[in-house]
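A short worksheet on the structure shown next.
The values are calculated or read from the model by the stated rules, or taken from the named source; none is laboratory data. Remember, predicted model here, so these are calculated numbers, not experimental data. With ideal geometry, Cβ positions are generated from the backbone for all residues, glycine too; neighbour counts draw on all protein chains shown. Calculation scope for accessible area: heavy atoms of the full protein, side chains included, ligands and nucleic acids excluded. Shrake-Rupley method; radii C 1.70, N 1.55, O 1.52, S 1.80 Å.
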Amino acid sequence: MLADHDWPGHRLVGPDGARAAWSIALHSDDNYALQRAATTLLGRAVQAGDALVQHWAHLHDRALVTSGSAQEYGTQFLLSTDGIELCPLRAPGSVDARRATVGLPPLAVALNAVCRRYTPDSSADETPTVLLAGAA
(Lines give C-alpha, C1' and ligand atoms only; values in the text may rest on other atoms or scores of the structure.)
Protein backbone atom coordinates (compact mmCIF):
# COMPACT_ATOMS: atom_id res chain seq x y z
CA MET A 1 0.00 0.00 0.00
CA LEU A 2 2.73 2.48 0.98
CA ALA A 3 4.77 1.73 -2.13
CA ASP A 4 1.77 2.16 -4.43
CA HIS A 5 -0.05 5.09 -2.80
CA ASP A 6 2.29 6.72 -0.26
CA TRP A 7 0.51 7.25 3.05
CA PRO A 8 -3.13 6.12 3.07
CA GLY A 9 -4.48 9.45 4.26
CA HIS A 10 -7.96 10.80 4.81
CA ARG A 11 -8.55 11.55 1.13
CA LEU A 12 -7.68 8.03 -0.01
CA VAL A 13 -9.15 5.85 2.75
CA GLY A 14 -11.14 8.17 5.01
CA PRO A 15 -10.49 8.94 8.69
CA ASP A 16 -11.16 5.38 9.90
CA GLY A 17 -8.87 3.85 7.27
CA ALA A 18 -6.14 6.40 8.01
CA ARG A 19 -6.39 5.61 11.73
CA ALA A 20 -6.16 1.87 10.98
CA ALA A 21 -3.04 2.40 8.82
CA TRP A 22 -1.49 4.48 11.62
CA SER A 23 -2.28 1.78 14.18
CA ILE A 24 -0.71 -0.92 12.01
CA ALA A 25 2.46 1.13 11.54
CA LEU A 26 2.53 2.08 15.24
CA HIS A 27 2.43 -1.56 16.32
CA SER A 28 4.93 -2.85 13.74
CA ASP A 29 7.76 -2.92 16.27
CA ASP A 30 9.20 -6.03 14.65
CA ASN A 31 9.62 -4.18 11.34
CA TYR A 32 11.65 -1.03 12.00
CA ALA A 33 12.12 -0.32 8.28
CA LEU A 34 8.34 -0.21 7.84
CA GLN A 35 7.94 2.02 10.90
CA ARG A 36 10.54 4.51 9.64
CA ALA A 37 9.12 4.55 6.11
CA ALA A 38 5.60 5.02 7.49
CA THR A 39 6.84 7.86 9.70
CA THR A 40 8.31 9.65 6.69
CA LEU A 41 5.22 9.14 4.52
CA LEU A 42 2.86 10.09 7.33
CA GLY A 43 4.89 13.28 7.86
CA ARG A 44 4.44 14.16 4.20
CA ALA A 45 0.69 13.51 4.48
CA VAL A 46 0.52 15.81 7.52
CA GLN A 47 2.25 18.57 5.52
CA ALA A 48 -0.30 18.05 2.74
CA GLY A 49 -3.19 18.32 5.20
CA ASP A 50 -4.13 14.68 4.67
CA ALA A 51 -3.29 13.21 8.12
CA LEU A 52 -3.21 14.12 11.78
CA VAL A 53 0.01 15.55 13.20
CA GLN A 54 -0.73 13.80 16.50
CA HIS A 55 -0.58 10.47 14.70
CA TRP A 56 2.78 11.44 13.23
CA ALA A 57 4.14 12.43 16.68
CA HIS A 58 3.09 9.09 18.19
CA LEU A 59 4.57 7.13 15.29
CA HIS A 60 7.76 9.20 15.32
CA ASP A 61 8.20 8.50 19.04
CA ARG A 62 7.43 4.81 18.61
CA ALA A 63 10.01 4.46 15.83
CA LEU A 64 12.59 6.21 17.99
CA VAL A 65 11.87 3.93 20.95
CA THR A 66 11.90 0.85 18.70
CA SER A 67 15.37 1.85 17.49
CA GLY A 68 16.63 2.34 21.05
CA SER A 69 16.63 6.15 20.92
CA ALA A 70 14.97 8.62 23.27
CA GLN A 71 11.54 9.80 22.21
CA GLU A 72 10.70 13.43 21.44
CA TYR A 73 7.08 13.94 22.49
CA GLY A 74 6.60 11.61 25.46
CA THR A 75 3.90 9.46 23.88
CA GLN A 76 5.40 6.05 24.63
CA PHE A 77 5.07 4.21 27.94
CA LEU A 78 5.84 0.76 29.27
CA LEU A 79 3.41 -1.02 31.55
CA SER A 80 4.94 -3.28 34.17
CA THR A 81 4.10 -4.75 37.55
CA ASP A 82 5.92 -1.77 39.09
CA GLY A 83 3.70 0.77 37.38
CA ILE A 84 3.70 2.86 34.25
CA GLU A 85 7.09 3.87 32.93
CA LEU A 86 7.70 6.69 30.47
CA CYS A 87 10.13 5.50 27.82
CA PRO A 88 13.39 7.49 27.71
CA LEU A 89 12.76 11.09 26.71
CA ARG A 90 15.04 13.61 25.03
CA ALA A 91 15.25 16.97 26.82
CA PRO A 92 12.44 16.44 29.34
CA GLY A 93 12.46 20.10 30.37
CA SER A 94 11.14 21.19 26.98
CA VAL A 95 8.80 18.28 26.24
CA ASP A 96 5.62 20.28 26.90
CA ALA A 97 6.70 22.92 24.38
CA ARG A 98 7.34 20.19 21.78
CA ARG A 99 4.00 18.54 22.60
CA ALA A 100 2.20 21.86 22.11
CA THR A 101 3.62 22.19 18.57
CA VAL A 102 1.82 18.97 17.56
CA GLY A 103 -1.42 19.60 19.45
CA LEU A 104 -0.73 17.26 22.36
CA PRO A 105 -1.64 18.20 25.94
CA PRO A 106 1.07 18.69 28.58
CA LEU A 107 2.85 15.49 29.62
CA ALA A 108 1.31 15.56 33.11
CA VAL A 109 -2.17 15.46 31.57
CA ALA A 110 -1.18 12.57 29.29
CA LEU A 111 0.39 10.67 32.20
CA ASN A 112 -2.79 11.09 34.22
CA ALA A 113 -4.88 9.76 31.32
CA VAL A 114 -2.60 6.75 30.87
CA CYS A 115 -2.76 6.00 34.59
CA ARG A 116 -6.56 6.24 34.60
CA ARG A 117 -6.75 3.93 31.61
CA TYR A 118 -4.34 1.25 32.80
CA THR A 119 -4.44 1.37 36.60
CA PRO A 120 -7.26 -0.60 38.21
CA ASP A 121 -9.42 1.35 40.65
CA SER A 122 -7.62 4.61 39.84
CA SER A 123 -9.32 7.93 40.33
CA ALA A 124 -8.95 11.03 38.21
CA ASP A 125 -8.28 12.93 41.44
CA GLU A 126 -5.29 10.78 42.40
CA THR A 127 -1.77 11.81 41.53
CA PRO A 128 -0.37 9.04 39.32
CA THR A 129 2.74 7.15 40.32
CA VAL A 130 4.87 7.03 37.20
CA LEU A 131 8.45 5.93 36.70
CA LEU A 132 10.26 8.40 34.46
CA ALA A 133 12.96 6.20 32.99
CA GLY A 134 15.73 8.22 31.45
CA ALA A 135 13.86 11.47 32.00
CA ALA A 136 16.46 12.96 34.30
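Right, Leu104: buried (at least 16 other Cβ atoms within 10 Å of the Cβ) and in a helix (DSSP H, G or I) or not? First the steps, then the outcome.
Working: buried (at least 16 other Cβ atoms within 10 Å of the Cβ): yes; in a helix (DSSP H, G or I): no.
In short, no.
Taking His55 as the residue in question, decide whether it is touching a residue at least 12 places away in the same chain (Cβ under 8 Å) and within 12 Å of the chain's Cα centre (by Cα).
Details: touching a residue at least 12 places away in the same chain (Cβ under 8 Å): yes; within 12 Å of the chain's Cα centre (by Cα): yes.
For His55, the condition - touching a residue at least 12 places away in the same chain (Cβ under 8 Å) and within 12 Å of the chain's Cα centre (by Cα) - is met.
Among the residues of the range 22-54, write down those that are in a helix (DSSP H, G or I), open to solvent by 20 Å² or more (accessible area, probe 1.4 Å) and either within 20 Å of Gly103 (Cα to Cα) or β-branched (Val, Ile, Thr) (or both). Let's see the steps before the verdict.
Taking the range 22-54 and keeping what is in a helix (DSSP H, G or I), we get 22-26, 32-47, 53-54.
Then keep just the ones that are open to solvent by 20 Å² or more (accessible area, probe 1.4 Å); that gives 22-24, 32-34, 36-37, 40-41, 44, 46-47, 53-54.
Those that are in a helix (DSSP H, G or I), open to solvent by 20 Å² or more (accessible area, probe 1.4 Å) and either within 20 Å of Gly103 (Cα to Cα) or β-branched (Val, Ile, Thr) (or both): Trp22, Ser23, Ile24, Thr40, Leu41, Arg44, Val46, Gln47, Val53, Gln54.
(1) among the hydrophobic types (A, V, I, L, M, F, W, C); (2) crowded, with 23+ Cβ neighbours inside 10 Å; (3) under 12 Å from the mean Cα position of the chain (by Cα): which one isn't true of Phe77, the others all being true?
So Phe77 meets the others, but not (2).
What are the residues in the range 22-52 that are touching a Gly at 6+ places or on another chain (Cβ under 6 Å) and of a type in the set (A, V, I, L, M), if any?
If we filter the range 22-52 for residues that are touching a Gly at 6+ places or on another chain (Cβ under 6 Å), which is where we start, we get 45, 50-51.
Result: Ala45, Ala51.
If you take the residues of the range 62-71 that are assigned to a helix (DSSP H, G or I) and touching a residue at least 24 places away in the same chain (Cβ under 8 Å), which of them is least open to solvent (accessible area, probe 1.4 Å)?
Residues of the range 62-71 that are assigned to a helix (DSSP H, G or I), as a first pass: 62-66.
Going one step further and asking which of them are touching a residue at least 24 places away in the same chain (Cβ under 8 Å), we end up with 62-63, 66.
Working: Arg62: 45, Ala63: 0, Thr66: 48 Å².
Going through the qualifying residues, I end up with Ala63.
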